[in-house]
Every structure is written in C-alpha cells, then in structure tokens.
Amino acid sequence: MYSKALGDKKNNKFMILNQDSIPVFSFSETYKRIMEHDHSIVNIKPNSFNIDGRDRRYQQLKNFFDRDDIIQTAQQSVLLRKHVQMFVDEQEQIIKTFQPDPINFPLRYPSEIIIGTTLKQKGLLDEVINRCIQYEDLSTGNENQIGLVGFNHILDAQQNCLFLGRISNDCLVDSKAKLIIQGKDIEAGRRKLLQNLEL
C-alpha cells in the first residue's frame, strides 16, 4: 500500500486509519493540522504496556531490544514521505530485525510496535510529534461501537485528536455534531471546555 502511494510524487504525508473512524473537523481544518508542520504524527505510548505482565505477546522483544527502546504507538499514524520511504526501502531488514529467527522465535508484532521502535532505532523520534490521531470513547466498554454520534463525542475528540473511532457501519451523526465538525458551532465548543475546566 505504501509502495503504491509513494508513486504519486505529490504525496508528502501518508495516513493510516481504522475503517471505523470519522473526522471531527472539516476537511480543510484536518488537512491544515496535518500539513502545518514537517513531522510525522504518532501517538507514542512508551509505558502503556507491561512486557512481563498482561502483554506477554511482546515478551520475546526483550531478547532483541532494550526495554527503553521498545516504543508502542497507536495503530493510526501520519508519516512523512521520507519515513514511509525508509519503511519500504528497508522492509526486508525491518522484518529480520523483528523476526531474526523465524523457526525458533516465530515473532509476530503488530504495527503498534514496529513503527515506534523502528523510528527510535533510526534516531528519528525528533521528527515525530506525539499526538492523538483517533479518539475512542471507551465509557461503554471496549467492544461497543458508537451508533449515534452526538456533539459531545465530537467535542471530546476535538480536544486532542483528529478523528473519532469505534463508529458502527450504520451510525448516524446528529445535526449538532455535523455543525461542530463543519466549524459552525464554536460557542458550543467553548462551553464544553469551560465545563471541563470547572470540574
């Protein structure tokens, strides 16, 4: 997918999203926030998992990396062209790095480990902004998807993120939420922020 996208020389940044997400800003505002700087955007969570505890699927990483060099990120990302080019050009070596002994150690790591850890290995984290891309409302449980997107969902997501995730395929977006996404109800956003500050 990255290789094909690199064929268009006009593509300067490359975004990976889940299929169950919607933007929380207008297209022009989303584009501006992504393109206003010369950095990749990933949500880095270096201390969000415990290799010796609940995330034993990552335990074998300790055979090949120092603990501080294992960087977990959210699956969603916005990568600079040169970072994507690096991943494509060095794909075979990256696979070998994360699976050096496929017979005795059949390692399988999701992109949430490979992207951050590889960027750290390459000394490229100074070219990365650590920022939320997709907001997920987990108040109703990890597996539940949003069937009706209300203005509170959008306002919550807009505080730090660009997209709202865990949306059902047949979800509806209420009229108030649509106005906020289009930037036509700024006052509601201000009221929401004031309420949060008062808590």
* How much length is gained if the chain between Ala5 and Lys178 is pulled fully straight, taking 0.36 nm per residue apart and subtracting their Cα-Cα distance, in nm to one decimal? -> 59.3 nm
* Rounded to the nearest 0.05, what FRET efficiency do Gln93 and Ser28 have when you use their Cβ-Cβ distance and R0 = 25 Å? -> 0.05
* Asked: Separation between the Cys171 and Lys122 pseudo-spin-labels, each 7 Å from Cα along Cα→Cβ, expressed in nm?
  -> 3.1 nm
* Per residue, how big is the convex hull around the C-alpha atoms of segment 123-165? Give it to me in cubic angstrom, could you? => 87 Å³
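Coordinate-derived values only; no laboratory data. Keep in mind that this is a model prediction, so the values were computed, not measured. Virtual Cβ from ideal backbone geometry, glycine too; neighbours counted across all protein chains shown.
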